[in-house]
Amino acid sequence: MAAPALAAITRQVSGRTAAVPVPSGPTAAAPVPSGPERGQPLAASVAELPVLDANGRRVPFGALFRERRAIVVFVRHFLCYTCQEYVEDLAKIPRSFLQEANVTLIVIGQASYHHIEPFCKLTGYCHEIYVDPDREIYKRLGMKRGEEVTSSGPSPHVKSNIFSGSMWSLWRAVTGPPFDFQGDPGQQGGTLIVGPGHYIHFIHRDRNRLDHKPINSVLQLVGVQQVDFTGRPSVIHV
(Lines give C-alpha, C1' and ligand atoms only; values in the text may rest on other atoms or scores of the structure.)
Protein backbone atom coordinates (compact mmCIF):
# COMPACT_ATOMS: atom_id res chain seq x y z
CA MET A 1 0.00 0.00 0.00
CA ALA A 2 1.33 3.43 -0.91
CA ALA A 3 2.23 5.71 1.94
CA PRO A 4 -0.30 8.54 2.47
CA ALA A 5 0.62 12.05 1.36
CA LEU A 6 1.90 14.41 4.00
CA ALA A 7 -0.73 16.51 5.69
CA ALA A 8 -1.12 19.98 4.22
CA ILE A 9 1.58 22.25 5.65
CA THR A 10 1.67 25.83 4.45
CA ARG A 11 3.54 27.22 7.42
CA GLN A 12 6.88 27.17 9.15
CA VAL A 13 7.53 24.18 11.38
CA SER A 14 9.56 24.82 14.51
CA GLY A 15 10.56 22.48 17.32
CA ARG A 16 8.08 19.95 18.68
CA THR A 17 5.37 22.45 19.44
CA ALA A 18 2.50 23.49 17.21
CA ALA A 19 3.40 24.78 13.79
CA VAL A 20 4.17 28.47 13.72
CA PRO A 21 2.53 30.42 10.84
CA VAL A 22 4.94 32.23 8.54
CA PRO A 23 4.36 35.99 8.94
CA SER A 24 3.34 37.95 5.87
CA GLY A 25 4.88 41.10 4.47
CA PRO A 26 8.27 41.89 2.94
CA THR A 27 10.18 41.99 6.24
CA ALA A 28 8.13 39.82 8.57
CA ALA A 29 9.41 36.32 7.85
CA ALA A 30 12.10 34.98 10.16
CA PRO A 31 14.73 32.41 9.10
CA VAL A 32 13.74 28.78 9.38
CA PRO A 33 15.20 27.32 12.61
CA SER A 34 18.35 25.29 12.09
CA GLY A 35 19.02 21.76 13.25
CA PRO A 36 17.63 18.49 11.86
CA GLU A 37 15.35 18.03 14.86
CA ARG A 38 13.36 21.14 13.94
CA GLY A 39 10.91 20.08 11.28
CA GLN A 40 8.34 17.50 10.22
CA PRO A 41 9.97 14.18 9.30
CA LEU A 42 9.88 13.19 5.65
CA ALA A 43 8.71 9.60 5.27
CA ALA A 44 11.53 7.22 4.40
CA SER A 45 9.40 5.82 1.57
CA VAL A 46 9.38 9.27 -0.03
CA ALA A 47 13.06 10.01 0.64
CA GLU A 48 14.00 6.76 -1.12
CA LEU A 49 12.08 7.53 -4.31
CA PRO A 50 14.38 8.29 -7.26
CA VAL A 51 14.78 11.43 -9.30
CA LEU A 52 16.79 11.51 -12.53
CA ASP A 53 19.59 13.89 -13.45
CA ALA A 54 20.37 15.19 -16.96
CA ASN A 55 22.20 11.93 -17.78
CA GLY A 56 19.34 9.71 -16.61
CA ARG A 57 21.19 8.71 -13.43
CA ARG A 58 18.85 7.77 -10.58
CA VAL A 59 19.39 9.63 -7.30
CA PRO A 60 17.35 9.10 -4.11
CA PHE A 61 15.26 12.20 -3.44
CA GLY A 62 16.43 12.36 0.17
CA ALA A 63 20.10 12.33 -0.87
CA LEU A 64 19.67 15.80 -2.39
CA PHE A 65 19.42 17.43 1.04
CA ARG A 66 21.01 14.91 3.36
CA GLU A 67 23.95 17.16 4.22
CA ARG A 68 22.51 20.67 4.12
CA ARG A 69 19.40 22.75 3.84
CA ALA A 70 17.74 22.98 0.42
CA ILE A 71 15.08 24.97 -1.36
CA VAL A 72 13.30 22.47 -3.60
CA VAL A 73 11.02 23.89 -6.28
CA PHE A 74 8.67 21.49 -8.08
CA VAL A 75 7.53 22.93 -11.41
CA ARG A 76 4.75 22.10 -13.83
CA HIS A 77 5.57 20.74 -17.28
CA PHE A 78 8.61 22.21 -19.02
CA LEU A 79 6.49 23.73 -21.81
CA CYS A 80 4.63 25.92 -19.30
CA TYR A 81 5.50 29.59 -19.86
CA THR A 82 4.87 30.48 -16.20
CA CYS A 83 7.34 27.81 -15.09
CA GLN A 84 9.86 29.00 -17.65
CA GLU A 85 9.69 32.59 -16.40
CA TYR A 86 9.76 31.54 -12.74
CA VAL A 87 12.86 29.42 -13.33
CA GLU A 88 14.44 32.28 -15.29
CA ASP A 89 14.24 34.29 -12.07
CA LEU A 90 15.59 31.39 -10.00
CA ALA A 91 18.54 31.44 -12.39
CA LYS A 92 19.31 35.01 -11.29
CA ILE A 93 20.16 33.90 -7.73
CA PRO A 94 23.97 34.08 -7.48
CA ARG A 95 25.73 30.93 -6.36
CA SER A 96 27.63 33.02 -3.82
CA PHE A 97 24.38 33.98 -2.06
CA LEU A 98 23.48 30.30 -1.62
CA GLN A 99 26.99 29.28 -0.59
CA GLU A 100 27.16 31.97 2.08
CA ALA A 101 24.01 30.55 3.68
CA ASN A 102 25.03 26.90 3.03
CA VAL A 103 21.81 26.33 1.09
CA THR A 104 21.23 24.30 -2.08
CA LEU A 105 18.71 25.33 -4.74
CA ILE A 106 17.03 22.45 -6.56
CA VAL A 107 14.41 22.41 -9.32
CA ILE A 108 12.44 19.23 -10.00
CA GLY A 109 10.33 18.77 -13.12
CA GLN A 110 8.16 15.89 -14.30
CA ALA A 111 9.37 15.45 -17.88
CA SER A 112 11.83 12.98 -19.32
CA TYR A 113 15.41 13.63 -18.29
CA HIS A 114 16.21 14.36 -21.96
CA HIS A 115 14.46 17.72 -21.55
CA ILE A 116 16.62 18.95 -18.67
CA GLU A 117 19.49 20.32 -20.74
CA PRO A 118 17.28 22.16 -23.28
CA PHE A 119 15.21 23.65 -20.45
CA CYS A 120 18.35 24.90 -18.70
CA LYS A 121 19.58 26.47 -21.94
CA LEU A 122 16.20 28.14 -22.42
CA THR A 123 16.03 29.58 -18.90
CA GLY A 124 19.71 30.12 -18.10
CA TYR A 125 19.29 27.98 -14.99
CA CYS A 126 22.60 26.60 -13.69
CA HIS A 127 21.77 25.25 -10.23
CA GLU A 128 20.74 21.65 -9.45
CA ILE A 129 17.86 20.18 -11.47
CA TYR A 130 16.25 16.74 -11.67
CA VAL A 131 13.03 15.15 -12.92
CA ASP A 132 10.38 12.88 -11.42
CA PRO A 133 8.82 11.59 -14.67
CA ASP A 134 6.31 9.33 -12.93
CA ARG A 135 5.23 12.21 -10.63
CA GLU A 136 5.45 9.83 -7.69
CA ILE A 137 7.08 12.38 -5.37
CA TYR A 138 4.57 15.02 -6.48
CA LYS A 139 1.78 12.65 -5.48
CA ARG A 140 3.32 11.65 -2.14
CA LEU A 141 3.82 15.29 -1.19
CA GLY A 142 0.22 16.13 -2.08
CA MET A 143 0.94 18.43 -5.02
CA LYS A 144 -2.31 19.42 -6.67
CA ARG A 145 -3.67 18.55 -10.11
CA GLY A 146 -5.96 20.91 -11.94
CA GLU A 147 -6.39 24.68 -11.73
CA GLU A 148 -7.89 26.21 -8.60
CA VAL A 149 -9.33 29.71 -8.93
CA THR A 150 -7.82 32.00 -6.31
CA SER A 151 -7.63 35.70 -5.55
CA SER A 152 -3.94 35.63 -4.65
CA GLY A 153 -3.06 37.89 -7.57
CA PRO A 154 -0.48 37.44 -10.32
CA SER A 155 2.95 35.97 -9.74
CA PRO A 156 5.66 38.65 -9.47
CA HIS A 157 7.88 36.39 -11.57
CA VAL A 158 5.59 35.95 -14.58
CA LYS A 159 6.06 38.72 -17.14
CA SER A 160 3.94 37.45 -20.06
CA ASN A 161 0.20 37.79 -20.23
CA ILE A 162 -1.88 34.67 -20.66
CA PHE A 163 -2.31 35.16 -24.42
CA SER A 164 1.34 35.76 -25.34
CA GLY A 165 2.54 33.19 -22.83
CA SER A 166 0.14 30.53 -24.08
CA MET A 167 1.09 31.22 -27.70
CA TRP A 168 4.79 30.81 -26.82
CA SER A 169 4.05 27.54 -25.02
CA LEU A 170 2.03 26.34 -28.03
CA TRP A 171 4.87 27.24 -30.41
CA ARG A 172 7.36 25.29 -28.33
CA ALA A 173 4.94 22.34 -28.28
CA VAL A 174 4.37 22.20 -32.05
CA THR A 175 8.07 22.61 -32.85
CA GLY A 176 9.08 19.89 -30.40
CA PRO A 177 8.59 16.11 -30.51
CA PRO A 178 4.95 15.23 -31.33
CA PHE A 179 2.69 14.44 -28.37
CA ASP A 180 5.48 15.25 -25.92
CA PHE A 181 4.07 17.75 -23.44
CA GLN A 182 7.21 17.48 -21.29
CA GLY A 183 5.07 16.56 -18.28
CA ASP A 184 1.42 16.33 -17.27
CA PRO A 185 -0.23 19.69 -18.16
CA GLY A 186 -2.65 19.31 -15.26
CA GLN A 187 0.04 18.92 -12.60
CA GLN A 188 0.81 21.84 -10.27
CA GLY A 189 4.09 22.32 -8.46
CA GLY A 190 5.21 23.72 -5.12
CA THR A 191 8.11 24.78 -2.95
CA LEU A 192 9.77 23.05 0.00
CA ILE A 193 12.46 23.95 2.50
CA VAL A 194 14.05 20.69 3.62
CA GLY A 195 17.14 19.33 5.35
CA PRO A 196 19.69 18.77 6.52
CA GLY A 197 18.42 15.24 6.81
CA HIS A 198 14.91 14.07 6.06
CA TYR A 199 12.97 16.97 7.60
CA ILE A 200 10.51 19.38 6.01
CA HIS A 201 10.50 22.89 7.47
CA PHE A 202 8.15 24.55 5.02
CA ILE A 203 5.93 23.51 2.11
CA HIS A 204 3.82 25.53 -0.29
CA ARG A 205 1.61 23.72 -2.79
CA ASP A 206 0.75 25.78 -5.85
CA ARG A 207 -3.00 26.04 -6.42
CA ASN A 208 -2.65 27.11 -10.04
CA ARG A 209 0.03 28.06 -12.56
CA LEU A 210 0.43 31.58 -11.10
CA ASP A 211 0.49 30.58 -7.44
CA HIS A 212 4.28 30.37 -7.14
CA LYS A 213 5.76 31.31 -3.80
CA PRO A 214 7.62 34.63 -4.27
CA ILE A 215 11.29 33.76 -4.45
CA ASN A 216 12.54 36.44 -2.08
CA SER A 217 10.14 35.32 0.65
CA VAL A 218 11.63 31.81 0.40
CA LEU A 219 15.19 33.14 0.39
CA GLN A 220 14.40 35.16 3.50
CA LEU A 221 13.20 32.05 5.34
CA VAL A 222 16.57 30.33 4.88
CA GLY A 223 18.74 33.38 5.44
CA VAL A 224 19.80 33.84 1.82
CA GLN A 225 20.44 37.37 0.59
CA GLN A 226 17.53 38.66 -1.47
CA VAL A 227 17.72 39.38 -5.19
CA ASP A 228 16.49 42.27 -7.32
CA PHE A 229 14.40 40.61 -10.03
CA THR A 230 13.29 43.85 -11.67
CA GLY A 231 16.43 44.21 -13.76
CA ARG A 232 16.63 47.89 -12.89
CA PRO A 233 20.08 49.27 -11.98
CA SER A 234 20.67 50.06 -8.34
CA VAL A 235 20.39 53.70 -7.28
CA ILE A 236 23.44 54.95 -5.41
CA HIS A 237 22.73 57.80 -3.02
CA VAL A 238 25.62 60.24 -2.44
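Read phi for every residue in region 187-197 and hand back ³J(HN,Hα) as whole Hz from Karplus 6.51 cos²θ - 1.76 cosθ + 1.60, θ = phi - 60°, with x for Gly and Pro.
Ordered by residue, 3J(HN,Hα) equals 7, 9, x, x, 10, 10, 10, 9, x, x, x Hz.
Between region 192-212 and region 106-132, what is the separation of their alpha carbon centroids in Å?
Cα centroid to Cα centroid, the span is 18 Å.
Could you work out how much longer the chain between residue 68 and residue 128 gets when fully extended? Use 0.36 nm per residue separation minus the Cα distance between them, nm to one decimal.
20.2 nm
Could you state, as a whole-number percent, how many of the C-alpha pairs of region 50-148 are farther apart than 18 Å?
Result for the distance tail: 46 percent.
Once amide H atoms are placed 1.01 Å from N in the peptide plane, what residues at a sequence separation of 5 or more from residue 208, or on another chain, have their amide H within under 5 Å of its amide H?
HN-HN under 5 Å from residue 208: 148.
Report the local net charge at residue 103: Lys and Arg +1, Asp and Glu -1, summed over other residues whose C-beta lies under 11 Å from its C-beta.
+2
May I ask you to give the percent of accessible area on region 102-147 that is carbon plus sulfur, with a probe radius of 1.4 Å?
Its accessible area is 46 percent carbon and sulfur atoms.
Among the listed pairs 139/159; 159/213; 92/139; 92/144; 121/213, give every one whose C-alpha distance is greater than 18 Å.
On the way: 139/159 29 Å; 159/213 15 Å; 92/139 29 Å; 92/144 27 Å; 121/213 23 Å.
Check vs 18 Å cut-off fails for 139/159; 92/139; 92/144; 121/213.
Looking at region 40-96, which GluC sites (Glu not before Pro) are in a loop (DSSP not H, G, I, E or B) and have at most 12 other Cβ atoms within 10 Å?
Loop-located and lightly packed - 48, 67.
Across region 201-213, in residue order, what do the Karplus-derived ³J(HN,Hα) couplings come to in whole Hz, using 6.51 cos²θ - 1.76 cosθ + 1.60 with θ = phi - 60° and x for Gly and Pro?
Going residue by residue, I get 9, 7, 8, 10, 9, 4, 8, 7, 5, 9, 8, 5, 6 Hz, with x marking Gly and Pro.
Mind listing the phi-derived Karplus ³J(HN,Hα) values for region 217-229, rounded to whole Hz, using 6.51, -1.76 and 1.60 with θ = phi - 60°, and x for any glycine or proline?
Once rounded to whole Hz, the list reads 5, 6, 4, 5, 5, 9, x, 8, 4, 6, 10, 8, 8.
For labels at residue 114 and residue 45 in the simple 7 Å Cα→Cβ model, what's the distance in nm?
Once both label points are built, they end up 3.2 nm from each other.
Give the long-range amide H neighbours of residue 197: residues separated by 5 or more places, or on another chain, with amide H under 5 Å away, using H modelled in the peptide plane at 1.01 Å from N.
Long-range HN contacts for residue 197: 66, 67, 68.
Tell me, in nm to one decimal, what length is gained between residue 159 and residue 136 on full extension, where the rule is 0.36 nm per residue of separation less the Cα-Cα distance?
Roughly 5.2 nm would be gained on extension.
The values are calculated or read from the model by the stated rules, or taken from the named source; none is laboratory data. Treat the numbers as computed from the prediction; the structure is a model and nothing was measured. Methodologically, a virtual Cβ is constructed for each residue, glycine included, from the backbone with ideal geometry; neighbour enumeration extends over all protein chains shown. For the accessible areas, the whole protein counts, side chains as well, though only heavy atoms, and no ligand, DNA or RNA atoms are used. Shrake-Rupley method; radii C 1.70, N 1.55, O 1.52, S 1.80 Å.
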